[in-house]
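Chemist: Please see the structure below; I have some questions.
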Amino acid sequence: GFGAAMARSDLSVPEAAAKAMSLYLLFAIGFKGGVGVAEAGAGGQLVAALLAGTVLSAATPFLAFVILLRISTLSRIDAAAVAAHYGSISVVTFVAGTTALTAAGIAYEGFMVAVAAAMEAPAILAALWLVGKREGDGADLWRDVFLNGSIVLLVGSFGIGWVTGPSGLDQISPFIVAPFAGVLCIFLLDMGLVAGRGFRDAGAALTWPVLGFGIAMPLIGASCGLAAATAIGLSTGGAALMAILAGSASYIAVPAAMRVALPEANPSISLTMSLGVTFPFNLTLGVPLYIAAAATIGG
Amino acid sequence: GFGAAMARSDLSVPEAAAKAMSLYLLFAIGFKGGVGVAEAGAGGQLVAALLAGTVLSAATPFLAFVILLRISTLSRIDAAAVAAHYGSISVVTFVAGTTALTAAGIAYEGFMVAVAAAMEAPAILAALWLVGKREGDGADLWRDVFLNGSIVLLVGSFGIGWVTGPSGLDQISPFIVAPFAGVLCIFLLDMGLVAGRGFRDAGAALTWPVLGFGIAMPLIGASCGLAAATAIGLSTGGAALMAILAGSASYIAVPAAMRVALPEANPSISLTMSLGVTFPFNLTLGVPLYIAAAATIGG
Amino acid sequence: GFGAAMARSDLSVPEAAAKAMSLYLLFAIGFKGGVGVAEAGAGGQLVAALLAGTVLSAATPFLAFVILLRISTLSRIDAAAVAAHYGSISVVTFVAGTTALTAAGIAYEGFMVAVAAAMEAPAILAALWLVGKREGDGADLWRDVFLNGSIVLLVGSFGIGWVTGPSGLDQISPFIVAPFAGVLCIFLLDMGLVAGRGFRDAGAALTWPVLGFGIAMPLIGASCGLAAATAIGLSTGGAALMAILAGSASYIAVPAAMRVALPEANPSISLTMSLGVTFPFNLTLGVPLYIAAAATIGG
Amino acid sequence: METHAAKRVEIIIEAVMEGRLRDALLSAGVTGLTVLPVLGGAGSSGVWSREGQIGRAGMVAVVCIVRPERVDPLLEAAFSVVERHIGVICITDCEVLRAERF
Amino acid sequence: METHAAKRVEIIIEAVMEGRLRDALLSAGVTGLTVLPVLGGAGSSGVWSREGQIGRAGMVAVVCIVRPERVDPLLEAAFSVVERHIGVICITDCEVLRAERF
Amino acid sequence: METHAAKRVEIIIEAVMEGRLRDALLSAGVTGLTVLPVLGGAGSSGVWSREGQIGRAGMVAVVCIVRPERVDPLLEAAFSVVERHIGVICITDCEVLRAERF
Ligand SMILES: Nc1ncnc2c1ncn2[C@@H]1O[C@H](COP(=O)(O)O)[C@@H](O)[C@H]1O
Ligand SMILES: Nc1ncnc2c1ncn2[C@@H]1O[C@H](COP(=O)(O)O)[C@@H](O)[C@H]1O
Ligand SMILES: Nc1ncnc2c1ncn2[C@@H]1O[C@H](COP(=O)(O)O)[C@@H](O)[C@H]1O
Ligand code: NA
Ligand code: NA
Ligand code: NA
């Protein structure tokens, strides 16, 4: 995919189809998570995991911000914007992680879907606080972020899955389960194309320290995620997912929020890092690594 | 779905994907109907049912018009436009009805799909007649209405299904049967969002009598449908579907026709009633009620 | 489909959905071809077939050009543009051919997918040479053509299929295999609509000799294809596919290239011939005929 | 380069009326027109948006460049179609190359 | 036909700001506006294209036709939203039918 | 607010030529441009519509706002690309804010 994009191929999935696929993936993963909770029950661990996720999402940007200011020549604004991306999460990386876990036969808590939803937004708040933005059209921004499609759809389908339980899954499983791997595969190919294009566009801003950050930060984030998961006693699969969430960087919700709240930040820097460096790193090396680490700790 | 829309979420299925889903549903339901007729044969009942449907579609607007003028303060034009919507049908409600029947193990005549197609247009003619519109670009309007995608696709796929029969269904069943419930589910969620948005926009026009009409009229229509179905001796499932058709209101074909032929009518009134009141009512309470009524009468 | 289009129905699959379906078909056919090669091995025949395909694609336009100048009143430019279409290939016809072969239980070489990719472009070069176009923005044009979505996607998914082999197919088969026939069917219906529309638009240019060419040329091309396939010793299925490729005419890649390189050519002439005459001819009569011919020769 | 005075007429109209407007303009002697999609808008009949719509809902913008002397028949043709419908007509002075085309 | 002088204001702005711009314009007394999609562009911040994008990326073009005397409040409202953002504002003289609508 | 005279050039051209046109305009010193999608149209080469098309068919509208003195090089650059192709170029006087950007 990457090579094709670098050479400016015309091979792009239409925007509407990409959006439909992402809605499908969000719906399917949310629904399956809800069914998982209906089967296994949730208990206090759900609350603990939600809390841990929220704290991780809000704390990571501080760490990322400090590191970026030290190692790169990015402005404070740009550094804060990048930091927000790394505090938040990438749902597609999460989905790929659940697929890898299922393929490896490792179970995970269904409620991790809800944790993913909870981790999308706090990082934005933290990043804005970092550059002293608290005034202005705050309420508006929050509505934008919270009612952003992905959070609503994840939480909504999670709820539906929880209510209908396994019997609901049986009924729509030809739709939810069978085409899932295929849709994910096409979507990842398309993301690869988009990521490749980003590289082409953002050339200059990509100094070596910045590229290095794009690989080091997910490792740092994932370590924090593993630590938190161990602290609250998640299963091996759940700990791996928490690491994946903490180690992934947003490329949809946060970029849009940053355009509204920090328009002075250069969007191609953060997008290239999250989509062009961290996303492929996580998919190829990160996810297997986090799973192995979780298995080592958990086993 | 509704709550999200009320708060203006950004969670909308792209127009192209929604259209593709609706084409898929029309194709699948038409094809399955055709296969049903190929298996069971059609005979004179098909003709009787088509005739009954056409009469119902043409007569209902008169009833609706009179009721609306009596209970509400709508202008004659607006009342006629609303009446046209209630005479015509909602294919999605019909599809949901067939799914509910299948789930309940009740058989129905495959040719009801053709009846659905036949009931789309007569209501428009009736409504225009009510406000004395007979001149003008009539031929154009008829081309618009008859060659409107849904009628052509329903009739076309019905014909294909009839010709290919059960062997054709076997071949494409992974495409037609398996994902059906899932696509319908997503489509209904999306319709819910759109309906919710409508509510937000049309606030003032929604007086209590008008809201009441949106619930009473489907009951009246469905009763007429049941009576007609009993008169021509349809099966329980067929009678339920005839009730569903007569009780449902259009929100695609008729709105477009009204914009062309009655531009003075306020589109948000009729759309909010048909999509915002009657559609959810039918899906949640109406369909089970009509099926129960048909079973009582038929059994 | 055709009748509906002639009457200007509004029944068109949204552009984004059509593009998504075509990407799906290209991906699925490429992937399956790659898996076929992984299972059966490729050897020297792959190279021979690629070479034969390239020569066929480059030679057919000369033949077509001479015939067109002799039998019609088309200008040299228009004749060259039409000739380029007939030298190149139609992937959808190829896909329909593989489906027909599978249905008939005839095996074919998986690498024919690569041959299809190789045959897309040489015809364009040949046609430009015919009208003395060698200067200008050549490099640009070649990038346009080679990185045109379909070639990249075919070759890419072919490579992926080859690498992952049958085990990869098992994993994504619910996505690749099951919905394939359905998507192809819908896509063909939609192509029928588009083709029908073309007819309506290009009326005058369609003289009888030109229409005749649209049917004779695929037969001539397919004969050359059969001869070449026999010469290099392809299986019955492979020979049928080579005939189908040589006999089919492009309607996506070549039209776009002609708009860039030969803007003086009237696009509706070549598009109507390739999409309105040759495409339906091949789908209905051509493909079965070529398969029968290949079986006669091969058996 | 040499340019010639012309008029650019922009008509924002409901999508269902597009075919009728096009036919009316072409009958009024217009040599060409271009149709642009519209995502949403606001006006006396409220705020609307294309998102999540189905069917041929919404509006389109039709742009038509004509010689100055052809504006009046064009406006009359357009107005006869648009009259009873919501929508906007806006005329701007402009210059074109290749005047013989208009 | 009788036409009236007006101004056509075209604002090219990031899609995420569309709602805020619409609200600002309507508060500034504008009677209507139309939003057109944008496929791509180029500017001081580089070349971009909608192809393959996800999310509410990209830009939109907002067209707003107003009476001449309402241009200034409109520009002020628009500018307050656009100021910190990339984008372009362009004002053209135009003529409209049915002046009472603007 | 303070505005500055400028020119708005609108070029309707086949989608396959978009990249070449953009490169030509940027080489001619244009500081920015915006590409809008086109749904359909009519002209000397007939009526066409995007519906049901596949591939990069159809046309796009490229809008380019420039200082008055840059119009001539722009038109020459555009014309060299468009010359052999179907399409329309239309120039309008306009005013812009933030003149330093153009
Ligand atoms: N002043 C205006 N400027 C631009 N577009 C307008 C204007 N007024 C109305 N429109 C467009 O025309 C549609 C219908 O307007 P109205 O008839 O006022 O409801 C709106 O949704 C807008 O898309
Ligand atoms: N001179 C211009 N003419 C037309 N559109 C422009 C112009 N300058 C900028 N734009 C549009 O505004 C966007 C942002 O521009 P900029 O702030 O220069 O990066 C570009 O991507 C274009 O879509
Ligand atoms: N007078 C015009 N006004 C607006 N658009 C035009 C005009 N003439 C041509 N076009 C556009 O340019 C395309 C090609 O025009 P032509 O070269 O005349 O076939 C048409 O399909 C329209 O989209
Ligand atoms: Na993170
Ligand atoms: Na009804
Ligand atoms: Na060929």
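The values are calculated or read from the model by the stated rules, or taken from the named source; none is laboratory data. Keep in mind the model is a prediction, meaning the values are calculated, not measured. Because the Cβ atoms are built from the backbone with ideal geometry, glycine has one as well, and the counts that use them run over all protein chains shown.
Chemist: Can you go through F:8, F:20 and tell me which one is in contact with a helix residue (DSSP H, G or I) (Cβ under 8 Å, 6 or more places away or on another chain), at negative phi and of a type in the set (Lys, Arg)?
Modeler: Answer to the selection: F:20.
Chemist: Determine, yes or no, whether residue F:10 is surrounded by fewer than 18 Cβ atoms within 10 Å (Cβ to Cβ) and either within 12 Å of chain D (Cβ to nearest Cβ) or part of a strand (DSSP E or B) (or both). Working first, answer last.
Modeler: Details: surrounded by fewer than 18 Cβ atoms within 10 Å (Cβ to Cβ): no; either within 12 Å of chain D (Cβ to nearest Cβ) or part of a strand (DSSP E or B) (or both): yes.
Judged against the criteria, residue F:10 is not a match.
Chemist: Tally time: how many residues in the range C:83-117 are assigned to a helix (DSSP H, G or I) and either more than 12 Å from ligand 6 (Cβ to nearest atom) or of a type in the set (Phe, Trp, Tyr) (or both)?
Modeler: 16
Chemist: When only residues in the range A:254-264 that are touching a helix residue (DSSP H, G or I) at 6+ places or on another chain (Cβ under 6 Å) and not in a helix (DSSP H, G or I) count, which is farthest from residue A:226 (Cα to Cα)?
Modeler: Checking each candidate, the answer is A:264.
Chemist: How many residues does the range E:70-96 hold that are surrounded by fewer than 19 Cβ atoms within 10 Å (Cβ to Cβ) and either at the interface with another protein chain (Cβ under 7 Å from one of its Cβ atoms) or among the acidic types (Asp, Glu) (or both)?
Modeler: Result for the range E:70-96: 7.
Chemist: Here is a follow-up. Of C:56, C:69, C:74, which residue is at negative phi, surrounded by 23 or more Cβ atoms within 10 Å (Cβ to Cβ), at pLDDT below 95 and more than 16 Å from ligand 2 (Cβ to nearest atom)?
Modeler: On the way: C:56 fails: at pLDDT below 95; C:69 fails: surrounded by 23 or more Cβ atoms within 10 Å (Cβ to Cβ).
Criteria check complete, one pass: C:74.
Chemist: While we're here: For the range B:72-82, what are the residues that are assigned to a loop (DSSP other than H, G, I, E, B) and of a type in the set (Val, Ile, Thr)?
Modeler: B:73
Chemist: Continuing with the same structure: Quick one: how many residues across the range C:33-57 are within 17 Å of residue C:222 (Cβ to Cβ) and of a type in the set (A, V, I, L, M)?
Modeler: Of the residues in the range C:33-57, 4 are within 17 Å of residue C:222 (Cβ to Cβ) and of a type in the set (A, V, I, L, M).
Chemist: Is there a residue in the range D:81-91 that is modelled with pLDDT of 90 or more and under 30 Å from residue B:253 (Cα atoms)?
Modeler: yes
Chemist: Identify, from the list C:251, C:290, the residue that is part of a helix (DSSP H, G or I), aromatic (Phe, Trp, Tyr) and buried (at least 24 other Cβ atoms within 10 Å of the Cβ).
Modeler: Going through C:251, C:290 in turn, just one is part of a helix (DSSP H, G or I), aromatic (Phe, Trp, Tyr) and buried (at least 24 other Cβ atoms within 10 Å of the Cβ): C:290.
Chemist: Moving on. Of the residues A:52, A:117, only one is more than 14 Å from chain B (Cβ to nearest Cβ) and under 16 Å from the mean Cα position of the chain (by Cα); which?
Modeler: A:52
Chemist: Looking at (1) within 15 Å of ligand 4 (Cβ to nearest atom); (2) more than 20 Å from residue A:119 (Cα to Cα); (3) not in a helix (DSSP H, G or I), which one does residue A:281 not meet, given that it meets all the others?
Modeler: In the conditions (1) within 15 Å of ligand 4 (Cβ to nearest atom); (2) more than 20 Å from residue A:119 (Cα to Cα); (3) not in a helix (DSSP H, G or I), residue A:281 misses (3) alone.
Chemist: Additional query: How many residues are under 30 Å from residue F:27 (Cα atoms) and basic (Lys, Arg) when one looks only at the range E:12-50?
Modeler: The number of residues fulfilling the criteria is 1.
Chemist: Anything in the range B:229-254 that is more than 21 Å from residue B:288 (Cα to Cα) and modelled with pLDDT of 85 or more? List them, or say none.
Modeler: B:231, B:232, B:254 - these are the residues of the range B:229-254 that are more than 21 Å from residue B:288 (Cα to Cα) and modelled with pLDDT of 85 or more.
Chemist: Mind listing whichever residues of the range F:21-52 are part of a strand (DSSP E or B) and more than 12 Å from the chain's Cα centre (by Cα)?
Modeler: We begin by selecting, within the range F:21-52, every residue part of a strand (DSSP E or B); these are F:33-37, F:40-43, F:46-49.
Once the filter is applied, which keeps residues that are part of a strand (DSSP E or B) and more than 12 Å from the chain's Cα centre (by Cα), the range F:21-52 yields F:40, F:41, F:42, F:43, F:46, F:47, F:48, F:49.
Chemist: Determine which member of the set F:45, F:27, F:49 is surrounded by fewer than 16 Cβ atoms within 10 Å (Cβ to Cβ) and modelled with pLDDT under 90.
Modeler: Going through F:45, F:27, F:49 in turn, just one is surrounded by fewer than 16 Cβ atoms within 10 Å (Cβ to Cβ) and modelled with pLDDT under 90: F:45.
Chemist: While we're on this one: Since residue B:38 meets every condition but one in (1) at pLDDT below 95; (2) surrounded by 22 or more Cβ atoms within 10 Å (Cβ to Cβ), which condition does it not meet?
Modeler: Result: residue B:38 fails condition (2) only.
Chemist: Now for a separate question. Of all residues in the range B:225-244, count the ones that are within 13 Å of ligand 5 (Cβ to nearest atom) and within 14 Å of residue B:51 (Cα to Cα).
Modeler: Summing the residues that are within 13 Å of ligand 5 (Cβ to nearest atom) and within 14 Å of residue B:51 (Cα to Cα) in the range B:225-244 gives 3.
Chemist: Of B:228, B:256, which residue is within 14 Å of chain D (Cβ to nearest Cβ) and buried (at least 17 other Cβ atoms within 10 Å of the Cβ)? Write out each step before concluding.
Modeler: Working: B:228 fails: within 14 Å of chain D (Cβ to nearest Cβ).
Only one candidate qualifies: B:256.
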